[in-house]
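Peer 1: Got a structure for you, questions after.
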Amino acid sequence: MIKVSLLFFVLFTGYLFSQNDKTDLDYFYEEANFLCKESDNDLDYFCKAYSLYRKASYDSCYVYSGKSLSKVKEQRKKDVLNYIQGVSAIMKGLHKKAKSNFKTISNNNNFQQLKYLKLGSINLILKNYDSSIYYYEKWESGGIKKNIKLGRDAYHNLGLSYLHKKEYTKAKEYFQKELNLVQVRDTAAIIRTKMDLANVYYNQYLDDEAIPLFIEAYDLAKLFSDLELKQYTAKNMAVVEKNRKNYQKSVDYYIEYGRWKDSIWNRDKIWELTEKDKQLAVAQKQQEIVLQEEELKRQAVVQKSLVIGASGLLVFLGFLGYFYRELKSKNRFITQQKEELNVANKTKDYLFSVVSHDLRSPINTIKRQHEKLKRQLKNKEYDAVSETTNNAIALTESTSHLLNNVLHWSLEQNNQLSFKAEEYPLKPLVEQAVYNFEEIAEAKNIALTTMLEATILVKADKESLKIVLRNLLDNALKYTGENGKIEVKTYNDSEEFSTIEIKDTGFGISEEKLAKIKGLEDLSIDKINRSEGVGLGMLLCQTLIKKNNGKLLIDSELEVGTTIRILLPNASA
């Protein structure tokens, strides 16, 4: 039986200060502050490096601590510099360098326990589990006054080290110690520790002990706000149900896992777009300031020209000509900005139309489904609950797909969708796209087959082509009934183009609707009539294929099926 992949939460945590007890970090700061007062900044950069470390400027701290280490001779200063350079190296992902720094620190100071904690964490990252255990146990036996968070994180990493070594009794012991230190209100820590203990049992095939812990972690994550934890626990449940041969439940959990993964991606993308909007607003304000300053300068020139007289008038005319050219240039720039703004407004209006038109119905339907589910649970109609839940999940997945298309279309229209045409083999890309839909096809009892040539090389943008393939495969699965077939194959169409063909035995498309879809190739935002049923997904596909210098051909017959061909330029073309 294939077991759940371990979820590793290796912790590089700092210290929390109590009111009465000093930690090793307190002693470290006292030592560094004392040495800084005695240091000659011009010679060894000691204080500069330490100041940058306190400001969390790790790149600069790494450089200045290196410069200082090459000059200082006093061991106490070397210990401080090796510690702050080691921390900076960790933040830069230079774990072997950090390990070297911490091992160089002597034991003749008041913060040696910090050294053991860092070496334990680094060795865990580098998969040196025996060394990780060695340093953590040295820390544990050091007899220092520990706070709750510090002890919890150290026990967590000790448990992970023993889990990697398959010493499950010791792993369970330290995860239990971690759980004992977790505060009731720290839901995230409880979820992680429950998953850790579940993995200990699951790797020993003690499913009766492991699965309740996985379920408990999953139920807690559903009520918690952390999207990553929702994603991890859903994936664990998907694998558990798959191993128990509950394939429908496994598919449901995988769908939920994908939904949380998409939510994380959308959240990060929204943050990125928000940051860009802030930068644009700042740039616009700076431009307004520059224009105001130039206007003030022009007025000053005019006043001086009037006082100077005829000779000054000639100078003024010269400046006036210069500013006229500048103004004309700015007018062209403003006109260009206005045109771009018009396009952006049309795109915005269309996207609002999509959201208001296409989201209203599924959101209302989901609401009714939940109300129906509530009634069924209240009336104990358990046989109908599963069907209602599946319908709600399907509607949610469809709505998520629509939102992805809205996001991609918005990015493409604002030239923010990364596009880079490169030469690469076509087969791996198509295989990856098909693989992502295999479980869904299996759940619907649809035969999804491929026949891909390994020698085809095309020149296109990989990411935009992935978006097209996901849309087309999703449509094929959506409109193909149970026991249907979907065939995906690639072949050389000519010396100029290669073809990806997606053929299904679905419901087909009427001639009237097919004509509208084919008309999308030359359709712009301002010509779209949403009342005619033109969807954003096919418009997005047509736009991206056209941007890749390719073609999208569609043939369909009602009750027979649909064949879609994507023509892409060959690498040698």
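The values are calculated or read from the model by the stated rules, or taken from the named source; none is laboratory data. This structure is a prediction, so every number in the text was calculated from the model and none was measured. Using ideal geometry, Cβ is built from the backbone for each residue, glycine included, and neighbour counts are taken over all protein chains shown.
Peer 1: Being at positive phi and either under 35 Å from the mean Cα position of the chain (by Cα) or assigned by TED's automatic domain parsing to the domain that holds Gly159 (or both): is that true of Lys67 here?
Peer 2: Considered against the rule, which asks whether it is at positive phi and either under 35 Å from the mean Cα position of the chain (by Cα) or assigned by TED's automatic domain parsing to the domain that holds Gly159 (or both), Lys67 comes out as no.
Peer 1: Would you be able to say whether some residue in the range 522-531 is modelled with pLDDT of 80 or more, over 34 Å from the mean Cα position of the chain (by Cα), outside any helix (DSSP H, G or I) and surrounded by fewer than 13 Cβ atoms within 10 Å (Cβ to Cβ)? Working first, answer last.
Peer 2: Residues of the range 522-531 modelled with pLDDT of 80 or more: none.
No, there is no match, as no residue in the range 522-531 is modelled with pLDDT of 80 or more, over 34 Å from the mean Cα position of the chain (by Cα), outside any helix (DSSP H, G or I) and surrounded by fewer than 13 Cβ atoms within 10 Å (Cβ to Cβ).
Peer 1: Considering Leu229, Leu213, Leu220, which residue is touching a residue at least 40 places away in the same chain (Cβ under 8 Å), touching a helix residue (DSSP H, G or I) at 6+ places or on another chain (Cβ under 6 Å) and of a type in the set (A, V, I, L, M)?
Peer 2: Result of the check over Leu229, Leu213, Leu220: Leu229.
Peer 1: Then there is this: Restricting attention to the range 129-153, report how many residues are modelled with pLDDT under 85, touching a helix residue (DSSP H, G or I) at 6+ places or on another chain (Cβ under 6 Å) and of a type in the set (Gly, Ala, Ser).
Peer 2: 2
Peer 1: Now for a separate question. Which condition from (1) under 29 Å from Tyr424 (Cβ atoms); (2) in contact with a Phe, Trp or Tyr (Cβ under 7 Å, 6 or more places away or on another chain); (3) at pLDDT 85 or above is the one that Ser464 breaks?
Peer 2: (3)
Peer 1: Let me ask something else. What pairs can you find where one residue is in the range 24-37 and closer than 13 Å to Asp79 by Cα, the other is surrounded by 13 or more Cβ atoms within 10 Å (Cβ to Cβ) and among the β-branched types (Val, Ile, Thr), and their Cβ atoms are less than 7 Å apart, with a gap of 6+ or different chains?
Peer 2: Glu31/Val80; Ala32/Val80; Leu35/Val80
Peer 1: I would also like to ask the following. With respect to Ile125, determine if the residue is out of contact with any Leu (no Cβ under 8 Å at 6 or more places or on another chain), touching a residue at least 12 places away in the same chain (Cβ under 8 Å) and of a type in the set (Val, Ile, Thr).
Peer 2: yes
Peer 1: Is at least one residue of the range 132-145 out of contact with any Phe, Trp or Tyr (no Cβ under 9 Å at 6 or more places or on another chain), closer than 19 Å to Phe28 by Cα, among the basic types (Lys, Arg) and assigned by TED's automatic domain parsing to the domain that holds Ala89?
Peer 2: Yes, the range 132-145 has at least one match.
Peer 1: Additional query: Which pairs have Cβ atoms under 7 Å, sit 6 or more apart or on different chains, and link a residue in the range 292-303 that is aliphatic (A, V, I, L, M) to one that is surrounded by 10 or more Cβ atoms within 10 Å (Cβ to Cβ)?
Peer 2: Cβ pairs passing all conditions: Val301/Phe316; Val301/Phe319; Val302/Phe316.
Peer 1: Do any residues in the range 244-261 that are under 13 Å from Thr396 (Cα atoms) have Cβ atoms under 9 Å from those of residues that are assigned to a loop (DSSP other than H, G, I, E, B) and of a type outside the set (D, E, K, R), where the two are at least six apart or on different chains, and which pairs are they?
Peer 2: Close Cβ pairs satisfying both conditions: Gly258/Asn436.
Peer 1: Let me ask you something else. Hey, which of the helices (runs of 4 or more DSSP H) in the range 22-128, taking only ones fully inside, have at least 2 residues that are more than 26 Å from Leu163 (Cα to Cα) and touching a helix residue (DSSP H, G or I) at 6+ places or on another chain (Cβ under 7 Å)? It would help to see each step written out before you state the result.
Peer 2: Values: elements: 24-38, 41-44, 46-54, 58-69, 75-91, 95-104, 112-125.
Fully inside the range 22-128 and qualifying: 24-38, 41-44, 46-54, 58-69, 75-91, 95-104.
Peer 1: Residues that are under 28 Å from the mean Cα position of the chain (by Cα): which helices (runs of 4 or more DSSP H) entirely in the range 145-245 hold 3 or more of them?
Peer 2: 148-164, 187-202, 207-223, 227-243
Peer 1: Being farther than 30 Å from Asp219 by Cα and among the small types (Gly, Ala, Ser) is true for just one of Gly142, Gly151. Which residue is that? Show your work before the answer.
Peer 2: Working: Gly151 fails: farther than 30 Å from Asp219 by Cα.
Exactly one of Gly142, Gly151 is farther than 30 Å from Asp219 by Cα and among the small types (Gly, Ala, Ser), namely Gly142.
Peer 1: Which one of these is at pLDDT 65 or above, touching a Gly at 6+ places or on another chain (Cβ under 8 Å) and outside the structural domain of Met538 (by TED's automatic domain parsing): Ser305, Ser329, Ser311?
Peer 2: From the options Ser305, Ser329, Ser311, the qualifying one is Ser305.
Peer 1: Let me ask something else. Tell me, which residue of the range 200-210 that is surrounded by 14 or more Cβ atoms within 10 Å (Cβ to Cβ) and in contact (Cβ under 8 Å) with a residue 60 or more places away in the chain is nearest to Leu163 (Cα to Cα)?
Peer 2: Result: Asn203.
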